[in-house]
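What follows is a single structure, written as structure tokens, with notes after it.
The values are calculated or read from the model by the stated rules, or taken from the named source; none is laboratory data. None of the values given here were measured: they were computed from a predicted structure. Every residue, glycine among them, receives a Cβ derived from its backbone with ideal geometry; neighbour counts consider all protein chains shown.
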């Protein structure tokens with residue numbers, strides 16, 4: 001081992017990544033339905049504003065899933081970054 | 001060409017293409033179970049995406065889904081987006097990727113096989129397969145009833161129900177018995193692309209027609225549909241639907257088995273990122289059409305579907321016919337995957353361990369194909385007799401499958417899970433859920449104990465924490481049995 005602190009550093013980085021992505025997934029799940037627009041009936045271009053939010057949110061979800069797949073795939077499942 | 005002739009032409013064309021694809025798949029498929037059931041774990045991104053997509057969504061997207069949006073409003077888009085796009089996507093990663101790694105390392109073909117190996121239990125393997133077939137069989141029956149009735153409607157009654165359902169059963173038996181997973185996945189891909197394309201053509205067509213009318217698109221959205229929530233849509237209802245169905249889908253044999261079939265980690269990564277987009281691209285146009293049909297004042301007679309009615313109002317007859325035929329093809333492409341998976345659960349997890357442990361690979365291959373036929377013919381018989389209780393089982397199948405998820409997830413992730421804990425988790429939640437479906441309601445001091453709704457939450461969602469409590473609780477107070485191999489999964493992951 002060249003640097004004895006490396007393992008501890010690595011473990012703590014993994015914990016932070018897990019917390020970050022865990023939080024991100026919870027937010028993605030939590031706001032796929034825009035609860036803060038409950039009973040809002042505003043229309044934009046003929047469609048409810050909450051529908052536009054959902055469409056945009058699915059795009060954000062795809063981007064986040066893509067970033068996760070590139071950077072931290074394997075986290076939670078194998079315990080390692082793949 | 002009349003609409004009926006065109007519809008039948010499209011259905012016949014689909015069948016011919018499917019058979020041709022099946023024959024090609026037969027020629028390149030080895031005579032062993034892994035190749036027949038899992039296409040040799042060799043599906044790439046495009047085929048994996050669309051076979052899962054087409055298997056999951058099927059005729060629901062054209063018929064039942066838009067009908068719900070027509071009756072209750074377009075919030076159904078959000079429910080399905082959360083359910084399939086986000087939640088199922090994450091389950092595919094957390095459960096599916098883990099299953100893929102374990103399956104690849106240890107050669108598992110079914111869920112029951114995976115659990116039976118880890119817990120050294122033939123009984124658990126048979127139980128998981130048995131529970132799955134219990135829910136799957138009547139669900140296939142419902143598909144056959146739907147397809148038979150669609151053919152009756154399509155031909156204006158010229159083809160009687162038994163002949164329509166029988167013909168479709170016969171076709172699927174021949175096709176699935178020949179082609180296996182590879183052929184099913186290839187036709188799913190063709191069908192998924194067709195389904196997405198035709199939905200967008202229909203959507204743009206209808207939107208352009210409605211935009212040209214005095215009220216425009218906004219006028220086609222009834223006032224009570226504009227505000228988020230209200231009516232049938234309470235937060236508990238929306239979340240119960242989304243959670244119950246997404247979790248149930250992950251344990252449905254034809255979807256769960258697709259967790260094993262990716263060719264590489266790269267394929268899974270790409271699929272994960274594209275999945276939410278594919279889901280939103282299909283649901284938004286399909287379900288908006290249902291909501292618009294309500295706003296423009298089209299009536300929906302009992303037993304009919306709103307999308308064909310909307311299309312015959314705004315598009316030429318041949319186009320509406322094309323969409324209906326596409327939906328029928330979609331119905332078949334979901335049923336064929338169910339037949340294949342049902343057969344694999346039966347041959348691998350029930351026949352082989354309990355009846356003939358020494359069956360050769362060749363014999364298992366033959367038996368798998370015979371199993372497809374037996375499963376389909378039995379379901380056809382059921383679709384003719386239509387016993388009420390069996391229909392009820394089919395219509396509550398998603399909830400039944402959902403109950404399997406907590407013990408399965410714990411088995412894969414928690415090393416302390418024991419065989420006794422697994423039996424308690426699986427049997428306990430199945431008993432609970434069946435009691436809520438069939439049993440009389442029970443309340444204790446105003447608190448529902450056995451009920452279909454718990455303060456607005458569905459029984460199938462309430463069963464999930466119950467499954468965790470039972471599996472963890474019983475595992476905690478029991479010791480692993482001698483036959484258990486707790487490292488079966490750990491070693492497999494390390495090898496990766």
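What single numbered condition from (1) buried (at least 18 other Cβ atoms within 10 Å of the Cβ); (2) more than 8 Å from chain B (Cβ to nearest Cβ); (3) over 19 Å from the mean Cα position of the chain (by Cα) fails to hold for residue A:37?
With respect to (1) buried (at least 18 other Cβ atoms within 10 Å of the Cβ); (2) more than 8 Å from chain B (Cβ to nearest Cβ); (3) over 19 Å from the mean Cα position of the chain (by Cα), residue A:37 is out only on (2).
Is it the case that some residue within the stretch B:331-341 is surrounded by 24 or more Cβ atoms within 10 Å (Cβ to Cβ), farther than 30 Å from residue B:108 by Cβ and within 29 Å of the chain's Cα centre (by Cα)?
no
Within the set of pairs 6 or more residues apart or between chains, which connect a residue that is farther than 24 Å from residue B:43 by Cβ inside the stretch B:185-209 to a residue that is not in a helix (DSSP H, G or I) with Cβ atoms less than 6 Å apart?
B:205/B:315
At least 2 residues that are under 25 Å from the mean Cα position of the chain (by Cα), surrounded by fewer than 23 Cβ atoms within 10 Å (Cβ to Cβ) and within 14 Å of another protein chain (Cβ to nearest Cβ) in each: list the helices (runs of 4 or more DSSP H) lying fully within the stretch B:250-322 that qualify. Show your work before the answer.
Working: elements: B:253-256, B:265-295, B:306-314.
Answer list for the stretch B:250-322: B:265-295.
Quick one: would you say residue A:28 is at the interface with another protein chain (Cβ under 9 Å from one of its Cβ atoms) and modelled with pLDDT under 95? Even if it seems obvious, please write down each step before you answer.
Values: at the interface with another protein chain (Cβ under 9 Å from one of its Cβ atoms): yes; modelled with pLDDT under 95: no.
Spelling it out, it is not the case that residue A:28 is at the interface with another protein chain (Cβ under 9 Å from one of its Cβ atoms) and modelled with pLDDT under 95.
Determine whether residue B:55 is away from chain A (no Cβ under 14 Å), more than 30 Å from residue A:48 (Cβ to Cβ) and within 15 Å of the chain's Cα centre (by Cα). If you could, list the steps in order and put the result at the bottom.
Details: away from chain A (no Cβ under 14 Å): yes; more than 30 Å from residue A:48 (Cβ to Cβ): yes; within 15 Å of the chain's Cα centre (by Cα): yes.
Here the answer is yes, as residue B:55 does meet what is asked.
Looking at the stretch B:429-446 only, could you name the residues that are more than 24 Å from residue B:94 (Cα to Cα) and part of a helix (DSSP H, G or I)?
Restricting attention to the stretch B:429-446, the residues satisfying the condition of being more than 24 Å from residue B:94 (Cα to Cα) are B:431-446.
Passing the criteria: B:431, B:432, B:433, B:434, B:435, B:436, B:437, B:438.
Would the stretch A:37-51 turn up any residue that is more than 24 Å from residue B:222 (Cβ to Cβ) and in contact (Cβ under 8 Å) with a residue 12 or more places away in the chain?
no
Quick one: which of B:136, B:91, B:101, B:142 is within 14 Å of another protein chain (Cβ to nearest Cβ) and under 22 Å from residue B:56 (Cα atoms)?
Values: B:136 fails: within 14 Å of another protein chain (Cβ to nearest Cβ); B:101 fails: under 22 Å from residue B:56 (Cα atoms); B:142 fails: within 14 Å of another protein chain (Cβ to nearest Cβ).
From the options B:136, B:91, B:101, B:142, the qualifying one is B:91.
Keeping to the stretch B:371-389, report how many residues are more than 18 Å from the chain's Cα centre (by Cα) and part of a helix (DSSP H, G or I). Outline the logic, then answer.
Initial filter on the stretch B:371-389 (more than 18 Å from the chain's Cα centre (by Cα)): B:371, B:373-374, B:377-378, B:380-389.
Add one more test, that the residue is part of a helix (DSSP H, G or I), and what stays is B:371, B:373-374, B:377-378, B:380-385, B:388-389.
Residues in the stretch B:371-389 being more than 18 Å from the chain's Cα centre (by Cα) and part of a helix (DSSP H, G or I): 13 in total.
Out of the stretch A:40-56, which residues are within 8 Å of another protein chain (Cβ to nearest Cβ) and part of a helix (DSSP H, G or I)?
Within the stretch A:40-56, A:50, A:51, A:54, A:55 qualify.
Inside the stretch B:220-236, can you point out the residues that are within 11 Å of chain A (Cβ to nearest Cβ) and in contact with a strand residue (DSSP E or B) (Cβ under 6 Å, 6 or more places away or on another chain)?
Matches in the stretch B:220-236: B:226, B:228, B:229.
Tell me which residues, restricted to the stretch B:41-55, are assigned to a helix (DSSP H, G or I) and touching a helix residue (DSSP H, G or I) at 6+ places or on another chain (Cβ under 6 Å).
Our first condition is that a residue be assigned to a helix (DSSP H, G or I); within the stretch B:41-55, this holds for B:41, B:45-55.
Within the stretch B:41-55, B:45, B:47, B:48, B:49, B:50, B:51, B:52, B:53, B:54, B:55 meet the criteria.
Being more than 14 Å from every other protein chain (Cβ to nearest Cβ) and out of contact with any helix residue (DSSP H, G or I) (no Cβ under 9 Å at 6 or more places or on another chain) narrows it down to one of B:64, B:71, so name that one. First the steps, then the outcome.
Values: B:71 fails: out of contact with any helix residue (DSSP H, G or I) (no Cβ under 9 Å at 6 or more places or on another chain).
One residue alone meets the criteria, B:64.
Taking the stretch B:66-79 on its own, how many of its residues are out of contact with any strand residue (DSSP E or B) (no Cβ under 9 Å at 6 or more places or on another chain) and surrounded by fewer than 24 Cβ atoms within 10 Å (Cβ to Cβ)?
Taking the stretch B:66-79 and keeping what is out of contact with any strand residue (DSSP E or B) (no Cβ under 9 Å at 6 or more places or on another chain), we get B:66-71, B:77.
Okay, now just the ones that are also surrounded by fewer than 24 Cβ atoms within 10 Å (Cβ to Cβ), so B:67-68, B:71.
Final tally of qualifying residues: 3.
Do we find that residue B:81 is more than 9 Å from chain A (Cβ to nearest Cβ) and either touching a helix residue (DSSP H, G or I) at 6+ places or on another chain (Cβ under 8 Å) or over 23 Å from residue B:486 (Cα atoms) (or both) in this structure? So that I can check it myself, show each step before the final result.
Working: more than 9 Å from chain A (Cβ to nearest Cβ): no; either touching a helix residue (DSSP H, G or I) at 6+ places or on another chain (Cβ under 8 Å) or over 23 Å from residue B:486 (Cα atoms) (or both): yes.
For residue B:81, the condition - more than 9 Å from chain A (Cβ to nearest Cβ) and either touching a helix residue (DSSP H, G or I) at 6+ places or on another chain (Cβ under 8 Å) or over 23 Å from residue B:486 (Cα atoms) (or both) - is not met.
Only one residue in B:239, B:190, B:217, B:196 is within 14 Å of chain A (Cβ to nearest Cβ), in a helix (DSSP H, G or I), under 25 Å from the mean Cα position of the chain (by Cα) and crowded, with 16+ Cβ neighbours inside 10 Å, so which one is that?
On the way: B:190 fails: within 14 Å of chain A (Cβ to nearest Cβ); B:217 fails: under 25 Å from the mean Cα position of the chain (by Cα); B:196 fails: within 14 Å of chain A (Cβ to nearest Cβ).
After applying the criteria, what remains is B:239.
Yes or no: residue B:206 within 14 Å of chain A (Cβ to nearest Cβ), in contact with a helix residue (DSSP H, G or I) (Cβ under 7 Å, 6 or more places away or on another chain), modelled with pLDDT of 90 or more and closer than 17 Å to residue B:56 by Cα? Lay out the reasoning, then the answer.
On the way: within 14 Å of chain A (Cβ to nearest Cβ): yes; in contact with a helix residue (DSSP H, G or I) (Cβ under 7 Å, 6 or more places away or on another chain): yes; modelled with pLDDT of 90 or more: yes; closer than 17 Å to residue B:56 by Cα: no.
So residue B:206 fails the test.
Within the stretch B:419-449, how many residues are touching a strand residue (DSSP E or B) at 6+ places or on another chain (Cβ under 9 Å) and surrounded by fewer than 15 Cβ atoms within 10 Å (Cβ to Cβ)? Let's see the steps before the verdict.
Within the stretch B:419-449, the subset touching a strand residue (DSSP E or B) at 6+ places or on another chain (Cβ under 9 Å) is B:432, B:435-436, B:439-443, B:447-449.
From the residues that got through so far, the ones that are surrounded by fewer than 15 Cβ atoms within 10 Å (Cβ to Cβ) too are B:439-443, B:447, B:449.
Qualifying residue count, the stretch B:419-449: 7.
Residue-by-condition table, conditions (1) crowded, with 22+ Cβ neighbours inside 10 Å; (2) farther than 27 Å from residue B:268 by Cβ:
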| site | (1), (2) |
| --- | --- |
| B:5 | no, yes |
| B:10 | no, yes |
| B:22 | yes, no |
| B:30 | no, no |
| B:40 | no, no |
| B:51 | yes, no |
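Working only within the stretch A:64-79, note down all residues that are more than 7 Å from every other protein chain (Cβ to nearest Cβ), surrounded by 13 or more Cβ atoms within 10 Å (Cβ to Cβ) and on the phi < 0 side of the Ramachandran plot.
Pass one, the stretch A:64-79, residues more than 7 Å from every other protein chain (Cβ to nearest Cβ): A:64, A:67-68, A:70-72, A:74-75, A:79.
Now restrict to residues that are surrounded by 13 or more Cβ atoms within 10 Å (Cβ to Cβ): A:64, A:67-68, A:72, A:74-75.
Matches in the stretch A:64-79: A:64, A:67, A:68, A:72, A:75.
In the set B:294, B:305, which member is closer than 29 Å to residue B:136 by Cα and in contact (Cβ under 8 Å) with a residue 12 or more places away in the chain?
Values: B:294 fails: closer than 29 Å to residue B:136 by Cα.
B:305 is the lone residue from the list that is closer than 29 Å to residue B:136 by Cα and in contact (Cβ under 8 Å) with a residue 12 or more places away in the chain.
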